[in-house]
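The values are calculated or read from the model by the stated rules, or taken from the named source; none is laboratory data. Since the model is a prediction, treat every value here as computed from it, not as a measurement. FYI the Cβ positions are ideal-geometry reconstructions off the backbone, even for glycines, and counts take in every protein chain you see. The area values use the complete protein model at the heavy-atom level, side chains included, leaving out ligands, DNA and RNA. Shrake-Rupley method; radii C 1.70, N 1.55, O 1.52, S 1.80 Å.
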Amino acid sequence: MALRAAVLRHIRLPVQTLTATGSRPQPQWSFLRLFSSHDDHLTKEEVIDRVLDVVKSFPKVDPSKVTPDVHFQKDLGLDSLDNVEIVMALEEEFKLEIPDKEADKIDSCNLAIEYIYNHPMAG
Amino acid sequence: MSGATAAAYLARRAAQKERVRILYRRALKDTLNWAVHRHLFYQDASDLREKFEAHKHAEDLDTIDKMIAAGEATYNKWRHPDPYIVPWAPGGSKFTRNPVPPSGIEIVYDYGREDNE
């Protein structure tokens, strides 16, 4: 037991900060664990990036036209049913449950980004 | 006179469009509940889309109402008994799992030992 303590006192392990691409930027303090789930809310840039990725990967959308303030029906020429499909895809991406009335009102990227950013449970 | 009826017509059409959108949304989620595997879901989703697109250009208000009612009846018939609900949403598994404790409650850390201090 004392031997183990003595060995452990002398071992030095290099601290490695794992930075995988696309993950949340973990600060340099890799020993700090965020046990609370209340302070890891999404940043606005992350929300914008993910929303634009979802919209761009929609088959009926031209990816070069997608900007953060594009309107689904007016600018991208989509149908109202396509709008419903995009909102469902966003729900799946961010693990949200949007009520039907609210989902009906999401018409453009602006509204989508705002809604998701202000949602407390956006994953 | 015609302005009022045109406005009423448009209002009714708008309400019908909203019903159609909500019906499509619910039917799509239901399709995802039934067809969990993605390739099956895409197939079923495109079939559903075809069904909605077939009646896209209907004009008469009453036939549209009947079609929406028939669609909602089909939806109610095919609803999944155990749908996937996001855990923190009502009906999900984590809903009110850790409710916020009522305000005014505080922890007494030395209960029973106040006299010994």
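Partner shielding of A:101-113 amounts to 1, given as the average count of beta-carbon atoms from other chains within 10 Å of each residue beta-carbon. Taking all protein chains together and a 1.4 Å probe, the residues B:PHE95, A:PHE72, B:PHE52, A:PHE58 rank B:PHE95, B:PHE52, A:PHE58, A:PHE72 from largest to smallest accessible area.
Please compute the per residue accessible area over the protein assembly as shown with all protein chains in place, 1.4 Å probe, rounded to a whole number of Å².
Here the per-residue accessible area is 73 Å².
Each of B:VAL100, B:TYR84, B:THR63 was placed along the dipole of region B:52-107 (beta-carbon charges, centred on the mean Cα), and the one lying farthest toward the positive end is B:VAL100. When B and A come together, around 1900 square angstrom of accessible surface is lost from both chains combined, probe 1.4 Å. The packing ranking, built from the mean of other Cβ atoms within 10 Å per residue, places the peptides A:63-70, A:81-88 in the order A:81-88, A:63-70, highest first. Per residue of peptide B:21-29, the mean number of Cβ atoms on other chains within 10 Å of the residue Cβ is 5.
Once the gyration tensor of the Cα atoms in chain B is diagonalised, the equivalent ellipsoid follows with semi-axes of 50, 24, 10 Å, ordered largest first. Only protein heavy atoms count here; under a 1.4 Å probe, A:ASP75 has an accessible surface of about 80 Å². In order along region B:46-52, the Karplus-derived 3J(HN,Hα) couplings, from 6.51 cos²θ - 1.76 cosθ + 1.60 at θ = phi - 60°, round to 5, 5, 4, 5, 4, 4, 6 Hz, and Gly and Pro are given as x. Which lysines, if any, have their Cα less than 16 Å from the Cα of A:LYS95, not counting same-chain residues under 8 positions apart? Within the straight-line limit of under 16 Å, A:LYS95 reaches these lysines: B:LYS29, B:LYS94. Once all protein chains are placed together, A:LEU52 keeps about 20 Å² accessible to a 1.4 angstrom probe. Counting only alpha carbon atoms, the long axis of helix B:2-34 and the longest principal axis of chain B meet at about 60°.
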